[in-house]
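*Asks:* Below you'll find the structure I mean.
The values are calculated or read from the model by the stated rules, or taken from the named source; none is laboratory data. Owing to the predicted nature of the structure, the values given are computational and were not obtained by experimental measurement. As a convention, Cβ positions derive from the backbone with ideal geometry for all residues, glycine included, and neighbour counts pool all protein chains shown. We work out accessible area using only protein heavy atoms, side chains counted, and drop any ligands, DNA or RNA first. Shrake-Rupley method; radii C 1.70, N 1.55, O 1.52, S 1.80 Å.
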Amino acid sequence: MTISVNTMRAIDHWVGVPLCAVVSPFVALIDGIKNIFSRATGAPKKILFIELSEMGSAILVDPAMRNAQARGAEIFFLIFKSNRASLTLLNTVKPENIFTIDSSSLGSLIKDTLLFLLLARKNRIDTVIDLELFSRFTALLTGMCGARRRVGYHIFHGEGLWRGFMLTRKVHYNPHIHITKNFISLIHAAFAQEIEVPFSKIEIPDSEVRLEQAIINPSALEKVRARIEKLAKEAKIHYEPSKNRLILINPNASDLLPQRRWAQQRFSELIQAIHQKYPDDLILITGSPAEFVYVEKVRAVANVKNALNFAGQVSFAELPPLYTLSDVMVTNDSGPGHFSAVTPLRTVVLFGPETPALYGSVGNSIAITANLACSPCVSAANHRKTPCRDNVCMQAITVPQVLDKVIKQLHDADLAKAR
């Protein structure tokens, strides 16, 4: 039985806050004893990044990880077991340096947590960077793993989201700059020679926010291409990659924030509009194996012959080849918008409860948002949880709006190919 997102949030609050209050004095005492005998000197050598729940963030933190590597540090990563695959798209972290926690049950969560605390000491981690936005669970992991340098976001004079005194280097979370820059600010804090309050009083130029591109194995590319052609042939659709474009529609979003979903009906109408504009192009409606039924409903309502249910047809590792073969993708604000950024694929990403100013894709992407007065309604200050049950911010996005951006992205893609 998988622990639900709301249950995890409740545990993080009702159990995490008291635990942070109890553990903080002990962490401070141990730090004090260590400082009597020896002080941490030199730059970080072994840095552990902690980001458990957001698969897309494992991509967005990549520029920060490469920044740490360029400074000579070996990097490690802790992530929920179910999200581990997101670290394989760019292979920045060596497989043996990835630690996982199984969150499928409370028992496995406790067991893997204790195992991680042992592994962190065994690997002599000297620096931990907590990437989570005010999670008490990750704060406890940070404080108890034995590292001398512990970097993360601190509330300072703000109210709420208190999580103890686990950090040795406290960084102000800036809700007005992109999350990739916030992550990079943690690296600057980790390597800073002088103590600051708060850390990272620096400008982070846009040039530092650059994603590496995935290295695509030609055989993997051909394998995915053959699978698409086979599916099209079975559906009696004429599809020639050299002549017909490939358009991806990703209609779902994770249960972490279901308010991010554009309506199924709207996606169906968009598929009809794209087919009317480009009748010869192939449309694949994507999703995980668990989303097959959701995707099938979108396909059935659209009732377009050239639109196929592609949910579960590729593994996570095959996403870069799929994106490389495709011309454009329309997606809710979710993982695929970030995963595609490691390829040349052009995307159109729909935003509602979140803002592209903070979480926009750093790839060839166009963001669409209604800019309502109530939006964005989720942030670090509310644990990314909203009371909204009527996502008007998503409903306000129209099919013609999205189609217009699809047309623009396809036009730009055609120009790029012609060069």
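*Asks:* Of GLY146, GLY287, GLY42, which is the most mobile in a GNM of the chain whose springs link Cα atoms less than 10 angstrom apart?
*Replies:* Residue with maximal mean-square fluctuation among GLY146, GLY287, GLY42: GLY42.
*Asks:* Note the angle between two axes, namely the Cα long axis of helix 16-37 and the longest principal axis of the Cα atoms of the chain, as a number of degrees from 0 to 90, rounded to the nearest 10.
*Replies:* 50
*Asks:* Set the bar at 18 Å for Cα to Cα. Now go through LYS277/LYS305; LYS45/LYS122; LYS233/LYS305; LYS230/LYS408; LYS233/LYS408; LYS230/LYS305 and name every pair that lies beyond it.
*Replies:* Pairs exceeding 18 Å: LYS230/LYS408; LYS233/LYS408.
*Asks:* Straight-line reach only, C-alpha to C-alpha below 12 angstrom: list the aspartates and glutamates that LYS223 could link to, leaving out same-chain residues fewer than 8 apart.
*Replies:* GLU318
*Asks:* Here's something else I'd like to know. Along its three principal axes, how long is the stretch 136-232 when you only count alpha carbons? Whole Å, largest extent first please.
*Replies:* 59, 31, 27
*Asks:* At 1.4 Å probe size, with every protein chain present, just tell me what the per residue accessible area of the stretch 140-217 comes to in Å².
*Replies:* It amounts to 50 Å² per residue over the stretch 140-217.
*Asks:* Modelled label-to-label distance, GLU318 and ILE216, 7 Å Cα→beta-carbon offset: nm?
*Replies:* A separation of 1.5 nm, rounded to one decimal place.
*Asks:* Where does the chain land at 222 nm, in deg cm²/dmol rounded to the nearest 500, when only DSSP H runs of n ≥ 4 count, each adding -39500 (n - 2.57), divided by all residues?
*Replies:* Calculated from helices alone, the mean residue ellipticity at 222 nm is -12000 deg cm²/dmol.
*Asks:* With charges only on Cβ, +1 for K and R and -1 for D and E, what is the dipole size of the stretch 178-324 about its Cα centre, in debye, rounded to 20?
*Replies:* 740
*Asks:* Among LEU60, PHE49, LEU29, which residue has its Cα furthest toward the positive end of the charge dipole of the stretch 1-68, with +1 on Lys/Arg Cβ and -1 on Asp/Glu Cβ?
*Replies:* Farthest along the dipole direction, towards plus: LEU29.
*Asks:* Here's something else I'd like to know. Tell me whether the chain comes out rounded, prolate or oblate; compute the Cα gyration tensor, take square roots of the eigenvalues as a ≥ b ≥ c, and use a/c under 1.5 as the rounded threshold.
*Replies:* prolate
*Asks:* Right, another one. If you take the beta carbon distance between LEU115 and ASP390 as r and set R0 to 41 Å, what does 1/(1 + (r/R0)^6) give as a FRET efficiency, to the nearest 0.05?
*Replies:* 0.45
*Asks:* Also, quick follow-up: Please compute the length gained on full extension between THR398 and ASP280, using 0.36 nm multiplied by the number of residues separating them and subtracting their Cα-Cα distance.
*Replies:* Taking THR398 through ASP280 to full extension adds about 40.1 nm, to one decimal.
*Asks:* Computing the accessible area with a 1.4 Å probe over protein heavy atoms, can you report the carbon and sulfur percentage for the stretch 249-380?
*Replies:* That fraction is 52 percent.
*Asks:* Still on this structure, I have one more. Estimate the FRET efficiency between ALA43 and ILE202 by the formula 1/(1 + (r/R0)^6), using the beta-carbon distance for r and 22 Å for R0, to the nearest 0.05.
*Replies:* For R0 = 22 Å, the calculated efficiency reads 0.85.
*Asks:* Relative to the first principal axis of the alpha-carbon coordinates of the chain, what is the inclination of helix 179-191, with its axis defined by its Cα atoms, in degrees from 0 to 90 and to the nearest 10?
*Replies:* Orientation of helix 179-191: about 30 degrees from the principal axis.
*Asks:* Tell me, Kirkwood radius of the stretch 117-163 from alpha-carbon pair distances, in Å?
*Replies:* It is 11.3 Å.
*Asks:* If you average the sequence gap of Cα pairs under 8 Å that are 6 or more apart and divide by the length of the chain, what percent do you get for the contact order?
*Replies:* 14
*Asks:* If the cut-off is a Cα-Cα distance under 18 Å, which lysines reach LYS181, setting aside same-chain residues fewer than 8 apart in sequence?
*Replies:* Those lysines meeting the cut-off are LYS170, LYS201.
*Asks:* Dipole of the chain (Lys/Arg Cβ +1, Asp/Glu Cβ -1, origin at the Cα centre): which of PRO198, PHE267, PHE116 lies farthest to the positive side?
*Replies:* PHE116
*Asks:* Where the only charges are on Cβ atoms (+1 Lys, Arg; -1 Asp, Glu), what is the dipole of the stretch 210-252 about its Cα centre, to the nearest 20 debye?
*Replies:* Dipole of the stretch 210-252, to the nearest 20 debye: 100 debye.
*Asks:* Also, quick follow-up: Please work out the Cα convex hull volume for the stretch 33-188 and give it in Å³ per residue.
*Replies:* 120
*Asks:* Give me the distance in nm between label points sitting 7 Å out from Cα along the Cα-to-Cβ direction at SER288 and ALA85, one decimal.
*Replies:* 0.8
*Asks:* Mind pulling the angle between the C-alpha long axis of helix 264-277 and the longest principal axis of the chain? Nearest 10 degrees, somewhere in 0 to 90.
*Replies:* Helix 264-277 sits at roughly 50 degrees to that axis.
*Asks:* Ordered by packing density, taken as the mean number of other Cβ atoms within 10 Å over each peptide's residues, highest first, how do 246-253, 407-414, 307-314 rank?
*Replies:* The densest-packed peptide leads the list: 246-253, 307-314, 407-414.
*Asks:* Looking at the square roots a ≥ b ≥ c of the eigenvalues of the Cα gyration tensor of the stretch 3-51, which shape do they give, rounded for a/c under 1.5, prolate if a/b is larger than b/c, or oblate?
*Replies:* oblate
*Asks:* Next question. Rounded to the nearest 0.05, what FRET efficiency do GLU194 and TRP162 have when you use their Cβ-Cβ distance and R0 = 35 Å?
*Replies:* 0.85
*Asks:* How many nm is it between the label spots at CYS374 and ILE11, if each spot is 7 Å from the Cα in line with the beta carbon?
*Replies:* Label at CYS374, label at ILE11, 3.1 nm between them.
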